[in-house]
Ligand SMILES: [Zn+2]
């Protein structure tokens, strides 16, 4: 069993040598400067500017493969067809170099993913990304890979809440997200992609201990014909108001729509402190209510930007330097 590991190590060594010798070979200074400028745009999530920057860079040095690689990443958030073309060009150019085989294979894997993505609804198109607001994509991308829906509208079953005000809160959350991504209410539970399970919520079976997320993805049916369903359970142990339930459901819908993980900003609906805080501190009710009232009422543009990136990207990948 030692041999494969040796081969792997040799491969990794080869890759790092390749990175030093091949991809990172000294470019003409102007191309190198243009490359760094474009990288800066990419770091700032200014994807269109990054693509334009890599265009200039590749005009100065058409053989600078790292610029082609990074332009492919940027193009995933600008123009999917161009991203596919870039990944193919990169794979073709890098595939000849045994030291770059690994990156060429990754490029081809991305082509496959991107070609399999459905046309996106307008709300998830890259043009809706607002650069000034940024995103928290890097925080959630690795865990969120593959959790995005591939058909629209996404069907939602809201069920019957134990209290009418909670039903209204859940419905309002549904309406708010429907403005971002096509959702359709269904009356039959087994037709749903996302369903709220109030019964399970009430028994609390699924939310033991410090578990933060109350959305779980289940498979219905067998491996081949089966499909994925997101089940939302909510904490019903407190007398939440309608608005509080709307805030809870807004957050849980965010998970069910494909954001696995949390934002680091209180301004975002996917900020996680709301669960943690009341779980760890047995606060008296008035304080809890104050806390909930301070919550944002809608997904922020940053939440939406994150969702747009998750739906357009072929998965998290680090740019080359
Ligand atoms: Zn959460």
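The values are calculated or read from the model by the stated rules, or taken from the named source; none is laboratory data. All values derive from a computational prediction rather than experimental measurement. Cβ placement follows ideal geometry from the backbone for every residue including glycine, while neighbour counts extend to all protein chains displayed.
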So how many residues does segment 229-245 have that are outside any loop (DSSP other than H, G, I, E, B) and within 12 Å of the ligand (Cβ to nearest atom)?
1
Test residue 74 against the criterion of being on the phi < 0 side of the Ramachandran plot, surrounded by 20 or more Cβ atoms within 10 Å (Cβ to Cβ) and without any contact (Cβ under 8 Å) to a residue 60 or more places away in the chain, and give yes or no.
yes
Of all residues making up segment 246-264, the number that are near the ligand (Cβ under 9 Å from one of its atoms) and not in a loop (DSSP other than H, G, I, E, B):
4
Would you confirm whether any residue within segment 273-296 is surrounded by 14 or more Cβ atoms within 10 Å (Cβ to Cβ) and modelled with pLDDT of 85 or more?
no
Restricting to helices (runs of 4 or more DSSP H) lying wholly in segment 95-186: which have 3 or more residues that are under 30 Å from residue 243 (Cβ atoms)?
137-144, 164-178
Exclusive hit being in the same structural domain as residue 267 (by TED's automatic domain parsing) and within 14 Å of residue 253 (Cβ to Cβ), set 164, 180, 140, 186:
180
